[in-house]
1. Name the single residue that is modelled with the lowest pLDDT among those in the range 206-244 being among the charged types (D, E, K, R) and under 23 Å from the mean Cα position of the chain (by Cα).
2. Could you go through the range 158-178 and let me know if any residue there is in the same structural domain as LEU347 (by TED's automatic domain parsing) and free of Cβ contacts under 8 Å to residues at least 40 places away in the same chain.
3. May I ask you to say which residue of VAL107, VAL101 is within 25 Å of the chain's Cα centre (by Cα), in the same structural domain as LYS138 (by TED's automatic domain parsing) and surrounded by fewer than 24 Cβ atoms within 10 Å (Cβ to Cβ)?
4. Could you run through the range 245-289 and say how many residues are assigned to a helix (DSSP H, G or I), of a type outside the set (A, V, I, L, M) and modelled with pLDDT under 95?
5. Take the range 72-131 and flag every residue that is of a type in the set (S, T, N, Q) and assigned to a loop (DSSP other than H, G, I, E, B).
6. Determine whether ALA128 is touching a Leu at 6+ places or on another chain (Cβ under 8 Å), at pLDDT below 95 and among the hydrophobic types (A, V, I, L, M, F, W, C).
7. It is to be established whether one or more residues within the range 181-195 are in the same structural domain as LEU292 (by TED's automatic domain parsing), assigned to a helix (DSSP H, G or I), surrounded by fewer than 23 Cβ atoms within 10 Å (Cβ to Cβ) and in contact with an Asp or Glu (Cβ under 8 Å, 6 or more places away or on another chain).
8. What are the residues in the range 215-242 that are outside any loop (DSSP other than H, G, I, E, B) and of a type in the set (Val, Ile, Thr), if any?
Amino acid sequence: MKRIVLTGGGTAGHVTPHFALAPYLKEKGWDIYYIGTHEGIERQLVGERFPYYPISAGKLRRYFDFKNLSDPFRVVKGVVDAYGHLRRIKPAVVFSKGGFVAVPVTVAAWLLRIPVILHESDLTPGLANKLSLPFAQKLCVTFPESVHHLKGRAGQKVVVTGTPIRAELFQGSRQKGLKMCGFSPGVPVLLVMGGSLGSAVLNRTIRENLQEITGNYQIIHLCGRDNLDPNVSHPHYFQLEYANEELPHLLAAADFVLSRAGANAIFELAALAKPNILVPLSKQASRGDQILNAASFEKQGFSVVVQEEELTGRVLQEKLALLAREKQRFVEAMESSPIKNGTGSILRLIEEVARY
């Protein structure tokens, strides 16, 4: 039996790329299983798609927290949990998208001599992938620049594949998207994406400047889990916590996008050639990976970048006006990009590495 275990969690970006691979894996005869945490967003997103096996996991922090004293024990328990699940499943390969749940799964797979392929979406590898890399056979990266951040033996494991893009994103209907929101086809649409957990700075900027922005745009606002504001209402404003099946249609309806700079999201925007403004997470709230992602896209002519500290209603409207004036330039840059859908490259690597 061809069996594969997928793992990754903590944010939607560590989960949704699996859904791009899944249809093709099934076509090739793979049975798919998922290992995640008991209550993480990955469990909610995976739902009934694949058999789901929960494990304990401790968060990997770069800052001091008293939980750092207890979480190593949770990681060890997670290794034991994952070891038991993997022994029962007997997969030929594990494919990991990172996040703190992936470390115990990778270690357990190494103990069982099950090959592991890691995938890093951001320009520089995250902590989970850094810790997992000694136990893995390959690390797939999305940005060619990522190779320069991995030296020696680690660098020998790196393969530039790009990121898998969900096929359904290319099948959206603008008409359906507009209908979902109750919008008119005659007014430009701005899609605001703050990630699965939402972005406080994007949510605040949009809502505080709603009257001015809706004078020129209709706004689809993906505000994140538990971030709906029932007190905000406008005929040119539609808010939703998170889009799943609706997302292809909402993207098709969008003329412009305001987004954080997580790699999965921005590569999907590039694949769809959506002119965009990127507001990367600051270094105070992250390791700075989104800043590097956004800088790469700005350099390639795909995006306008505004640092979080500089975002105001006035700046946003100025950048939207720039996108509107030079829309074709941004579209042509993305359409002519050598960046490709990484799905095929990753599938070939899975077949090469798997041990039946």
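The values are calculated or read from the model by the stated rules, or taken from the named source; none is laboratory data. Since the structure is predicted, the reported quantities are computational estimates derived from the model, not experimental observations. Because the Cβ atoms are built from the backbone with ideal geometry, glycine has one as well, and the counts that use them run over all protein chains shown.
1. Let us first name the residues in the range 206-244 that are among the charged types (D, E, K, R), namely 207-208, 212, 225-226, 229, 241.
Imposing the further condition that a residue be under 23 Å from the mean Cα position of the chain (by Cα) reduces the set to 225-226, 241.
Numbers: ARG225: 85, ASP226: 89, GLU241: 92.
Checked the range 206-244; the qualifying residue modelled with the lowest pLDDT is ARG225.
2. There is at least one residue in the range 158-178 that is in the same structural domain as LEU347 (by TED's automatic domain parsing) and free of Cβ contacts under 8 Å to residues at least 40 places away in the same chain.
3. Values: VAL101 fails: surrounded by fewer than 24 Cβ atoms within 10 Å (Cβ to Cβ).
Every option except VAL107 fails the conditions.
4. To start, the set of residues in the range 245-289 that are assigned to a helix (DSSP H, G or I) comprises 247-253, 263-272, 289.
Adding the requirement that they be of a type outside the set (A, V, I, L, M) leaves 248-249, 264, 267-268, 289.
With the extra rule that they be modelled with pLDDT under 95, the set shrinks to 264, 267-268, 289.
Of the residues in that region, 4 qualify.
5. Applying the first criterion (of a type in the set (S, T, N, Q)) to the range 72-131 yields 96, 106, 121, 124, 129.
Passing the criteria: SER121, THR124.
6. Values: touching a Leu at 6+ places or on another chain (Cβ under 8 Å): yes; at pLDDT below 95: yes; among the hydrophobic types (A, V, I, L, M, F, W, C): yes.
Judged against the criteria, ALA128 is a match.
7. No, every residue in the range 181-195 fails to be in the same structural domain as LEU292 (by TED's automatic domain parsing), assigned to a helix (DSSP H, G or I), surrounded by fewer than 23 Cβ atoms within 10 Å (Cβ to Cβ) and in contact with an Asp or Glu (Cβ under 8 Å, 6 or more places away or on another chain).
8. ILE219, ILE220, listed by residue number.
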